[in-house]
Structure formats: C-alpha cells, structure tokens
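First up is the structure itself, then whatever we jot down about it.
Each reported figure results from applying straightforward, stated rules to the coordinates on display, with no laboratory input. Note that the structure is predicted; figures quoted are calculated from it, not measured. Positions of Cβ are generated from backbone atoms using ideal geometry, with glycine treated the same way; all protein chains shown enter the neighbour counts.
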Amino acid sequence: MSLRRVLALPGWAEHVRLLAGAAGLDRPLTTVQATLDASHLPAAEELTVVARPVAGTDWQIDALLRRCADAGATGVLLPGTEPLTASRLLAERLGVPLLGTGAPPLDLLVEARLWLAAPELDRAGLLLATHRALGDRLRPPEEVVAVLRRLLRSPVAVLDDRGAPLAGDVDGRVRLDEPVPQRAELDDGVLLAHPVLLQRPAMWLAVELRGTEAARADVVPPALAVAAGALQRWLLANRLELERDARSRTALLGDLLRLDTEPGADLRRRVADAGWRLGGWHVGLHIGVPAAVDTVARTQEVVRALRAGDVDAVVVEHGDGWTGWVTFDHEPTAERVRALASRLQAVHRALRLGTHMGVGRPHPRPEGLAATVAEANDAARLAATRPETGHFLHVDQLGMAQLLLEWTRTDTFEPAVRALVAPLRPAPGDLVRTLAAYLDAESSIAETATVLGVHRNTVAARVARIEQLLGVDLSRPDERLALHLASRAVILSDP
C-alpha cells in the first residue's frame, strides 16, 4: 500500500493536488492520522492529515515536513491555501509528498482509512458504480465509453475486431489474436483490455491508466467485464436488427431481379419504403468477399466507404458479398460512367477486406436494374481471378470475355476444360495459374514473371513444360483461346 494508490481513490483523485515531493509517492503507507495543527509528531509510514489551515508563517509546515522525513512518515495533506514556494522546495528536497485540497480533509481521511482497512471496497465500489451507470438499458459504444471515461478518469475506447477505434481513443495496442482480458505496461501507465465476445471477439474495450490512475489497475478489470457485457447485449440486439433489415433488403432485391414485367403497386411501395429508385439509369456493382467475412456486420463499413468515395449507391447483402447500384436521372455519358468506375475502384482499394469488385454498364428502368446487376456479378467473378487488375473489373473492360463467361456456366464446359488441363494439375509450379497469367499478359514472359513474382527464366521453363504436357503450340490463336478459357474456368471453380 502506498500514497500513490490512495491518490487514485475517487475522492482523492478529484479533490487532492500533489504540490511537491513526487519522488516519495511510492513510500509505504499503513495509517492515516488527523491533527488539528502542524505540531503533530508523525509516526513511520503515516499520512498526516492536517484538519485546519495552518495559522502563522510557513515555518510550522517546514518543521512538520522535517519531522516526517526523520520519522519515515509517508506524507502531509494540507487544507486551504497552498504553502509558500520555500516549503514546496523543502518537500522536494526531503522527498516527502506535500498534498493540498479544498475539500473537507476529514472526509478524505475516512475514505483513505476505509481503503486501508478493506482494499476490496474500492473494487466493489467501482463495480457497483459501473452497474448503476450502465443500467439495464441498451447502450451503444459511444455511451459506454462516456460512462467509463467518467468513472475511471482515463482514456477509454471501443475497438473493432481489427483494432480500429469505433468510439473513444487509446494509444496502446491490443493483442487481437488473444481473446482474453489483457494487461500491457506503457511508458507511464498501464493498458487494460477486455474482449467483447460473440463467437469470437467482435469488439475490444480498452482503457489507458496513466499517472496515479495506473496504481488502480488491479481494481478496473471487473468494471471492464461489466461494461463488456453491456456492449455484448447491445451487439446482440443490434445484430438481430441488422439481420432482419438485411433479410428484408435481400428479399426485395430478389423480387426486383426476378422482375420481367412492370412492377406492381405492392413492390413499388416496398421499394419506396426502402428509399430505392426504379426510374432513371442504373449502373450495377458487386463486391465479393471471402467466406469468412461477416457481410451483415460489415455492411455499414461498406456504406461509409462508398460515401467517403463520393458514391451515392444502394447496397444490399447478396450472394458472396454486396450487390448495389448507382442511379442517374438521365442516361450518363461515357465520361461520367468512367469517372464513377474510377471512384468505385478507389473505394475497393480502401475497403481492405480481401474483396473483388465488378461494375456493370448503364441500363434504364426497372428491367435494366437486373441487367446491370448481372453484368456486375459477371465482372466480379472474373475480377476474383485477376490480381493484375487489382481484382477490379468494369464490364466495358471485358468485351468478348463477358460473353464467353456465359458459355463457361454450361453443364458441359467445366468437365471438358478440367479434362483439357488435367495433365498440368499434378506437375509442380502451379502450371494452370501460370498458363492463365501468361495468356492474360498476351504471351509476355516479363509481365507474367512480374504478376507471379518469379524470375522470367522460371516462366519460360514453365511455358515450355505446359506445351510439352498438353502437346499444344501456344502461338496458335485457336489453341490459345481454348486454353485461356479453360485455365480461367478451372481457377474460378477451384476453392
């Protein structure tokens, strides 16, 4: 037990100032004693609380400080006016903490004695205060951060599962791969973190305790656990609402994509309720993600990224990611469509979710929405296998490839192409992907080597091996076309 720990108690942290003698804050403390004036004889490991302002000159304070130093006392708390500079300098030289307060000193004495008698009372008090402050009402992360910041008098943050702040701010780093309560030493304090668990950490609650607050690090974890439980309740309720909204949006999109006549009154009403537009010209987009990505939870992140990229789009959870579209009042010019595609590509790069994105062409009216969305899905499927384009494709970039993609969906195509490239599968060097990259690069050895990240001599040797195993001449256009389609289809269908 030390004076530093007492200064972290709620009443002391709010009303007591350290005037001098910071070097002695870690002196041991066993008792807190009140005195009416500065003539008191302090005992070892005692904090002397002067109950009344010291009358007369500061020599009485100086004498008390010297008696504390001689007896091995812990420090002195003075009420009222602050002592002269000379007394502060003496406290610094002696290493005796000199404290000041404007609050009733006996109230502080009682709080310190209670803590000395039962240190667990501070933990219990903070735990109870956290329960009362958070209550039974669902509170979003911003409110939880505000409550804890007030109770702990320290920086607090709610982090997402990648460590980015959702509310508040902290400087320390949480070990995201360890889903357990954590403690990390900082240069001038302690970082505490608690996971907010669903199936895996969906959020982290973190607090930085610095200065005298760091002495309270053993008290804070139970309060963090209570706050994490409040966040978990909010997450579950919010998740139910998000999933309900996602199912509604997905069902409405499905009805629109199946539309082959003029939409009826009920469908038009549902579209209006969702804030969507059926008139005008639509440009579809599809963002695909790996199966591990929770599309429902990430929808708002995608919406924010689109808004930040100056893209006003409808976004719906659909298929392996999100389907969306941008609506223009009138037929957009080629230049406007290219500008939109450029902004979408910038959004795609900013998302960093392992995404692949496709963009369709402009089509008018409700029936055009299904057409542009289908084009965007086709482009996204191709983009998934094209690292050389940054996994982003606009249908205008595809040309004949989009028509050929439709053929690759037939029941007879995939077995045929798998048989065609079968000799390459057991061979070392990932020859199927090498073949696809080589044909994408229009037979450029150097460009293929750059895409694959290998030496150009390696590429040349692999191409020669491919020709040998398949018995083909890759300089012949018809064989190139067949193998290009075959390699792309096999890569696309492989997990």
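Which FRET efficiency value, to the nearest 0.05, do you get for A225 and V296 by plugging their Cβ-Cβ distance into 1/(1 + (r/R0)^6) with R0 = 45 Å? Don't skip to the end; give the middle numbers.
Working: r = 27 Å, r/R0 = 0.59.
Working from the Cβ atoms, E equals 0.95.
By the gyration tensor of its Cα atoms, with a ≥ b ≥ c the square roots of the eigenvalues, what is the shape of region 226-372: rounded for a/c under 1.5, prolate for a/b over b/c, or oblate? Present the calculation step by step, with values, prior to reporting the outcome.
Working: a/c = 2.24, a/b = 1.35, b/c = 1.66.
Oblate shape, in that a/c is at least 1.5 and b/c is the bigger or equal ratio.
Tell me the angle of helix 295-308 to the major Cα principal axis of the chain, expressed in degrees between 0 and 90 and rounded to the nearest ten.
90
Taking amide H positions as placed 1.01 Å from N in the peptide plane, with prolines and chain starts having none, which residues 5 or more places from L19, or on another chain, fall under 5 Å of its amide H?
L98, L99, G100
Once a ≥ b ≥ c are taken as the square roots of the eigenvalues of the Cα gyration tensor of region 64-115, is the result rounded (a/c under 1.5), prolate (a/b larger than b/c) or oblate (a/b not larger than b/c)?
Oblate, because a/c is 1.5 or more while a/b does not exceed b/c.
With a point put 7 Å past each Cα toward its Cβ, work out how far L36 is from H330 in nm, to one decimal.
The two pseudo-label positions are separated by 9.3 nm.
Considering amide H positions built from the backbone, and no H for Pro or chain starts, which residues 5 or more places from A34, or on another chain, come under 5 Å of its amide H?
V49
Pick out, in residue order, every one of the trypsin sites (Lys or Arg not before Pro) in region 126-161 that is DSSP loop and has at most 11 other C-beta atoms within 10 Å; say none if there are none. Mind showing how you got there, number by number?
Values: sites: R132, R137, R149, R150, R153; in loops: R137, R153.
Sparse-neighbourhood loop trypsin sites (Lys or Arg not before Pro): R137.
Per residue of region 26-43, what does 6.51 cos²θ - 1.76 cosθ + 1.60 with θ = phi - 60° give for ³J(HN,Hα)? Whole Hz please, x for Gly and Pro, Karplus curve as stated.
For region 26-43, the Karplus-derived couplings read 9, 4, x, 10, 10, 8, 10, 10, 8, 9, 7, 8, 8, 8, 4, 9, x, 9 Hz, x marking Gly and Pro.
Explain nothing, just the number: dipole magnitude of region 192-306 about its Cα centre with +1 on each Lys and Arg Cβ and -1 on each Asp and Glu Cβ, in debye rounded to the nearest 20. The partial results should precede the final answer.
Values: 15 positive and 13 negative charges, 12 e Å.
Approximately 60 debye in magnitude.
Just report the Cα centroid separation between region 314-384 and region 28-77, whole Å.
About 75 Å separates the Cα centre of region 314-384 from the one of region 28-77.
Among A193, T333, G471, whose Cα sits farthest toward the positive end of the charge dipole of the chain (+1 at Cβ of Lys/Arg, -1 at Cβ of Asp/Glu, about the Cα centre)?
With unit charges placed on the Cβ atoms, the residue in question is A193.
Which residues among region 305-332 fall inside the zone where the amide N is under 17 Å from a point 7 Å beyond the Cα of L166, along Cα→Cβ?
Hits in region 305-332 for L166 at 17 Å: 305.
In the neighborhood of V49, defined by Cβ-to-Cβ distances under 13 Å, what is the net charge if each Lys or Arg adds +1 and each Asp or Glu adds -1? Could the numbers behind the result be given before it?
Values: positive: R52, R113; negative: D37, E46, D107, E111.
Counting the neighbours of V49, the net charge comes to -2.
What does the extension gain come out to for L267 and A118, with contour length at 0.36 nm per residue minus their alpha carbon separation? Don't skip to the end; give the middle numbers.
Working: separation 149, 0.36 × 149 = 53.64 nm, distance 6.69 nm.
Gain on extension, L267 to A118, equals 46.9 nm.
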